[in-house]
């Protein structure tokens, strides 16, 4: 085996990554982290407001090609319509920091959702990324389902086909609907975690 | 702190002019994209019945990156769909070890500047015609801060001959091979579950002092990529403490690439060992790396 003279250089870069900030996460089986955020209509929304209801959190960045896959195809709006009609609270969260890709104020969020036919209960603005970091939201989309008792019952991808190709949606396993069907029927969620996929959430550095 | 790969880029740019002068190598990059993909071969001809190594070359604009086989917290690995002459078959992409990118609280794994992803091809004993055309559709995700999906149809035409010489771009392959993780039984590993994490016990070859190490995980959904990896010495062994993804999936193996800085230079070694529960032993019998 030959020596690799430049591995040392790689390690220097790794060292320069520095200590990682302690990473919190919404962990399946544990209470969902509390939050209060302003929605796109200017109203304060807390997780506690939805006590007794099943809640979906969807991390959103309208400029991300993975998000565009699910909005361009109408898949995300279809899920929002279907599950809010069944009494589920669907919260679309934007954690894009000011100046970052996908950053929106309330007016822009409303305009985009109107244009796309979005049917979330509310769009929440998490400009400082506090809620996103508390949940450990990594990608757009990254999906969480919280049961009526406030316990995280699903954390992961929207489906099992990590791509930006709309054609993959038809054959993908829809984890969110599967989790919602089970939790709204009072059953435990079979596939409670999966690999989230997408663009990185555009937090402030 | 030196940017990773400065040495590699020097080597690569020295041969770049030669590569573009090679007939048969083609590249298409849609306008507005930030990564150029092309297909190159290690030799200047195809020999019937002899393996052929080709490579997907990705040249990235400054700051842009593409992803490793495990992209980390976000991103997608580069993929290729081959269109090959009858009797040819392609192996999997051989992945040079990547570099980590941190954005906020997230870490992803990939390549900046330039990378060659080698692929070994099986060539049938009889190859009709004076030349063959190897083509593929390459899909990747390119990111600066924002990401764009990239796609290119690449191809390469090579003469069929009994003998072949190294192609001018052979230096790119030599460079990529230096970064391919090696299977090396002189490095011994064992892995066990620890509270909230995974412990990788590393025993370097006798007489080699391990000074620094970073583990690039291949096992999906096991580890929290953004957490620091703490290296501690335990007698002749070293323990690398890795954090688990709290929403991850259980695994009975730990696979990945250990990049190690030692008294005897730096190494990239393949790790693929059982992941057992309970504390990892550092002093008794060690699992050998297969």
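The values are calculated or read from the model by the stated rules, or taken from the named source; none is laboratory data. Note that the structure is predicted; figures quoted are calculated from it, not measured. Using ideal geometry, Cβ is built from the backbone for each residue, glycine included, and neighbour counts are taken over all protein chains shown.
Quick notes on this structure:
- Residues in the range A:80-120 that are within 15 Å of the chain's Cα centre (by Cα) and at positive phi: A:102 alone.
- Among the candidates B:185, B:204, B:250, residue that is surrounded by 22 or more Cβ atoms within 10 Å (Cβ to Cβ), farther than 26 Å from residue B:103 by Cα and within 14 Å of chain A (Cβ to nearest Cβ): B:204
- Of everything in the range A:55-68 that is in a helix (DSSP H, G or I) and touching a strand residue (DSSP E or B) at 6+ places or on another chain (Cβ under 9 Å), the residue that is nearest to residue A:110 (Cα to Cα) is A:67.
- In this structure, residue B:128 does not qualify as modelled with pLDDT of 95 or more and in a loop (DSSP other than H, G, I, E, B).
- In the condition set (1) more than 11 Å from chain A (Cβ to nearest Cβ); (2) surrounded by 21 or more Cβ atoms within 10 Å (Cβ to Cβ); (3) modelled with pLDDT of 95 or more, residue B:166 is compliant with all but (2).
- Within this structure, residue A:121 fails the test of being surrounded by 19 or more Cβ atoms within 10 Å (Cβ to Cβ) and either within 21 Å of residue B:245 (Cβ to Cβ) or within 14 Å of another protein chain (Cβ to nearest Cβ) (or both).
- Options B:152, B:163, B:191: the member that is more than 30 Å from residue B:272 (Cα to Cα) and under 25 Å from the mean Cα position of the chain (by Cα): B:152
- Annotation note: of B:213, B:152, the sole residue that is in contact with a strand residue (DSSP E or B) (Cβ under 7 Å, 6 or more places away or on another chain) and under 24 Å from residue B:76 (Cα atoms) is B:152.
- Among residues of the range B:54-69 being surrounded by fewer than 22 Cβ atoms within 10 Å (Cβ to Cβ) and part of a strand (DSSP E or B), the one that is nearest to the chain's Cα centre (by Cα) is B:69.
- Test for residue B:96: is it within 14 Å of another protein chain (Cβ to nearest Cβ) and not in a loop (DSSP other than H, G, I, E, B): no
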